[in-house]
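Okay, structure first, notes after.
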Amino acid sequence: MNAATALVRTESAACPAQAFRATLGDAARLCGFSQAAYMHLGHRLPRPEDSDAAAMETPRELISSGGLDEALYRKRGYLAFDPLAVRAAKAFLPFAWSLADLADPNARPLARAFEAWGVRSGLIVPVQDSTAGPALVNFLHAESQSRAALDAGAEAARDGLALLTAARLHAAARASLPVHGTSDAGLNAREMQVLRLAAQGLTEMETAARLKLSRRGVQFHLSRAGAKLDTTNKTAAVARAISLGLIAI
């Protein structure tokens, strides 16, 4: 069992918020950050032309291990002015951010809030969920970092632990969210099998032995699954399948 699998298990889905905060803190430290916040955005974000924009100013779920005041974020409707959340709702790859990314006048109140909370930069890992709507995990830094360092961290996260950890955090929280409709992304039984075993940490050779396939056969099914999930590598395919609820850990 790898570290990310040990960190977040599906049975934590119904855990109290306080327990989930502790899990977020563990996830942040595992990935090299001081704190983390989980936010479930749902299927749409507020737009100025929306007549019901006020009702959309808070995320469906927001839990932070620290570094972000959940109550204040909700009370002041920061989601309506959060360019990071807007970007994450449409993104598939992790991206770094700093207070400089909140320079727009509309976002300045949020930037000042982050400063007051002792947060200077971070790494956002989006989780695209076609049934429950997008979510994100914001891994938070207390220190300012150069843009080059931030971008290097985001690049490393695209194939690494942060991507899988975010997907597993969302899967753990997802059981308590109202979900409408289902999607199997067109995966067949064999593609689901190889993804499940990959999620458990098995190598291609171990998967081949378990399923009595050749390694090339395992690679073929992983490639097909990745194409159907619109991903480019095994790690991303597993993360997407977890976030969609197709496989459990």
How many residues are outside any loop (DSSP other than H, G, I, E, B) and either surrounded by fewer than 21 Cβ atoms within 10 Å (Cβ to Cβ) or touching a Gly at 6+ places or on another chain (Cβ under 8 Å) (or both) if we restrict to the stretch 65-78?
5
Sort through A55, A88 and tell me the only one that's of a type outside the set (K, R), assigned by TED's automatic domain parsing to the domain that holds S121 and modelled with pLDDT of 90 or more.
A88
Please work out which one of (1) surrounded by 15 or more Cβ atoms within 10 Å (Cβ to Cβ); (2) outside any loop (DSSP other than H, G, I, E, B) is the condition R108 fails and give its number.
(1)
Looking at R210 and the list (1) at pLDDT 85 or above; (2) in contact with a Leu (Cβ under 8 Å, 6 or more places away or on another chain); (3) surrounded by 15 or more Cβ atoms within 10 Å (Cβ to Cβ), which single condition is not satisfied?
(3)
Boolean, G226 is within 27 Å of L123 (Cα to Cα) and either assigned to a helix (DSSP H, G or I) or at pLDDT 85 or above (or both)
yes
Of those in the stretch 128-177 that are part of a loop (DSSP other than H, G, I, E, B) and at pLDDT 85 or above, the residue surrounded by the most Cβ atoms within 10 Å (Cβ to Cβ) is P134
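The values are calculated or read from the model by the stated rules, or taken from the named source; none is laboratory data. None of the values given here were measured: they were computed from a predicted structure. Note: ideal-geometry Cβ built from the backbone for every residue, glycine included; neighbour counts use all protein chains shown.
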